[in-house]
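Student: Here's a structure for you.
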Amino acid sequence: MKHNTSTIDKNTIKTETVIPFSSKKDWGISFRLHLPGFHQESVSQINSSYYVTLSGTHQGACCPVCGQFSNHVKGYYLRSLQGLEIAGHPLTLIVNVRKFRCRNTACQRKVFSDPLSPLASSHARNTRKVEERIRSISLKTTSRIASNLLYEQNIVCSQSSCLRRANVCHKERPAPVCIGLDDYAQKKGHIYGTVIVDQITHKPITLFSGRGEENLKTYLKENPQIQYITCDRAQCFIKVINQALPGAVRISDRFHLIKDMVDGMTGEIASRSRLGVQKQNFNYPSQETVRKRIMESFYNMGDERHRRRLKRFIDAEDCMRKGIMDDRDVERATQEIRNDIKEEQRKIREYNRSVAGRKNKTHASVKAIHDLILNGRPSVDSLKELMDAPALRTAIDLCVKFREMVNGKLQYGLDKWIDKAMKSDLKTLREFASGIKRDKEAVQNAMDIYLNNGVLEGTVNKTKAIKRQMFNRAGITLLCNKLTSFNT
């Protein structure tokens, strides 16, 4: 009820905001819960909550220590359990629990309670269905939101309880045959982790802190049934796989292969196609540079023998130190330096005059360069002019062939491609071909086997979303539990 806080025309009549339930309405409540092993005795309502009294129907129970059956009832006690709501009303189960005396005289346990295993676990305050609801919501969102959502479903659970249940959630890890490895950033540039996904079911298996460290090595050694491993060409993963599972088939990711080639070639082509539009300034040589050049000029004067040249060099050094030099000697010693300065200034003036015409020329964008590398089709004039060069045209043809080979559209032969790429005039392509040659077996597997790291990229994005949902404060255990709890 909205309270009137105004001092004018204030209503002073007291009204009841909650209508109490009458006893006649309480008599009209009737429903029955179908719980195997329990008998429903009565149903009552207090305010808006339902209370159901239950009792066990078993003749006896087995001792949890020795396992001997006993029907000797020693006493009773009441146990309260929170259940799922009924018609929007909270439900509380009042269970009349029996205590049995163990008939085995040699058993250490003299008295034990009737287990409520079909209904609730030992020492629990909630039923199993309520615990599953709390755990499911806690794993799919933050503890604060989970507590609020559960309260709207008439389930009382604090934020700390939701967080505790999410942390202790344990799932059985499957024994996969094909896995994928990739890294994710807990803190970019500082802290990284490793995610493992089953390539058959496309479900995440676990998370590890660090990249290619002891945790990953231990996991691979504990799972010798793994036959196929997909990953990028990161040396940290390759080193651990070779040490832990040398017999496994390692498959390079096709996306990363093409990406590495495109990233390397983009800078090479951009440097060739991009024209500068800024004027250049001439920087005069430093005093030490001039002094060094002068001494070299003195040393190389004339055609005398080495001893005489050395003597001239020593004399020149003394003259420079004492400041005793003839104008003619200075002019002869600095002639070469002055000629180099004039030539450099002339080149800079010519370059600055041509800047005005270059400003209006269309430059190649990164997208256009990528399209040229992948498809071999230049889309701007600057790239069309570059294609006239035989070296670049050959390199682009090799890039297009490599992409088609990786995607399975061309049977060209990896060894033949590597030999041609190693003879290219472009340094970037030669370096990329050297890396492919070192990891030739994994690259060939990527061309022959359908497995790839595509599902890993989606899993990494999902991991980042969960991490940011908790303001980057989730530990590795909680993050792993939340990631593996999603079925899709």
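The values are calculated or read from the model by the stated rules, or taken from the named source; none is laboratory data. Treat the numbers as computed from the prediction; the structure is a model and nothing was measured. Here the Cβ is made from the backbone with ideal geometry for all residues, glycine too, and neighbour counts use every protein chain on show. Only protein heavy atoms, including side chains, enter the accessible area calculation; ligands, DNA and RNA are left aside. Shrake-Rupley method; radii C 1.70, N 1.55, O 1.52, S 1.80 Å.
Student: Could you sort the peptides 172-178, 345-351 by per-residue average Cβ neighbour count (10 Å cutoff), highest mean leading?
Tutor: Taking the mean over residues of other Cβ atoms within 10 Å, the ranking is 172-178, 345-351.
Student: Which net charge results for the neighbourhood of Val73, defined as the other residues with beta-carbon distances under 13 angstrom from its beta-carbon, given Lys and Arg at +1 and Asp and Glu at -1?
Tutor: +4
Student: Calculate what fraction, in whole %, of the accessible area of segment 70-155 sits on carbon and sulfur atoms when a 1.4 Å probe is rolled over the protein chains.
Tutor: Of all accessible area on segment 70-155, carbon and sulfur atoms account for 48 percent.
Student: Also: If you take every residue apart from Glu431 with its C-beta less than 14 Å away from the C-beta of Glu431, what net charge results, scoring Lys and Arg +1 and Asp and Glu -1?
Tutor: Computed value for this residue: +1.
Student: At 7 Å along the Cα-to-beta-carbon direction for both Ile449 and Lys416, put a label point, then send me their distance in nm to one decimal.
Tutor: Once both label points are built, they end up 2.5 nm from each other.
Student: Calculated FRET efficiency, Gln235 and Tyr284, Cβ-Cβ r, R0 51 Å, to nearest 0.05?
Tutor: Efficiency computed from Cβ-Cβ geometry: 0.65.
Student: Roughly how many Å² is the accessible area per residue of segment 404-453, as a whole number, for a 1.4 Å probe?
Tutor: On a per-residue basis, segment 404-453 sits at 58 Å².
Student: With the crude spin-label approximation of a point 7 Å out along Cα→Cβ, what separation in nm comes out for Arg109 versus Lys384?
Tutor: Label-label distance for Arg109 and Lys384, simple model: 8.7 nm.
Student: Quick one: length gained pulling Glu222 to Asp263 fully straight, 0.36 nm per residue minus the C-alpha distance?
Tutor: 11.1 nm
Student: Next question, about the same structure. Below 12 angstrom from the Cβ of Asp371, what's the summed charge of the other residues (Lys, Arg +1; Asp, Glu -1)?
Tutor: Residues close to Asp371 contribute a combined charge of +3.
Student: Also, quick follow-up: With every protein chain left in place, what is the accessible area of Val249 in Å² (1.4 Å probe, nearest 10)?
Tutor: Estimated to the nearest 10 Å², Val249 gives 50 Å².
Student: Which FRET efficiency value, to the nearest 0.05, is calculated for Cys62 and Arg32 with the Förster distance at 25 angstrom and r the Cβ-Cβ distance?
Tutor: Efficiency, from the Cβ-Cβ distance: 0.30.
Student: Mind checking the per residue accessible area of segment 138-288 for me, 1.4 Å probe, whole number of Å²?
Tutor: Solvent-accessible surface per residue comes out at 55 Å².
Student: Could you give the nm distance between label points at Lys74 and Ile86, where each point is 7 Å from its Cα heading toward the beta carbon?
Tutor: Output for this residue pair reads 3.3 nm.
Student: Not counting ligands, DNA or RNA, and with a 1.4 Å probe, what is Met422's accessible surface area in Å² rounded to the nearest 10?
Tutor: Estimated to the nearest 10 Å², Met422 gives 80 Å².
Student: Using a 1.4 Å probe over the heavy atoms of the protein chains, calculate the carbon and sulfur portion of the accessible area of segment 161-282 as a whole percent.
Tutor: 49 percent
Student: Then there is this: Would you mind checking the radius of gyration and Dmax of segment 344-488 based on alpha-carbon positions, in Å?
Tutor: In Å, with Rg to one decimal and Dmax whole: 22.9, 70.
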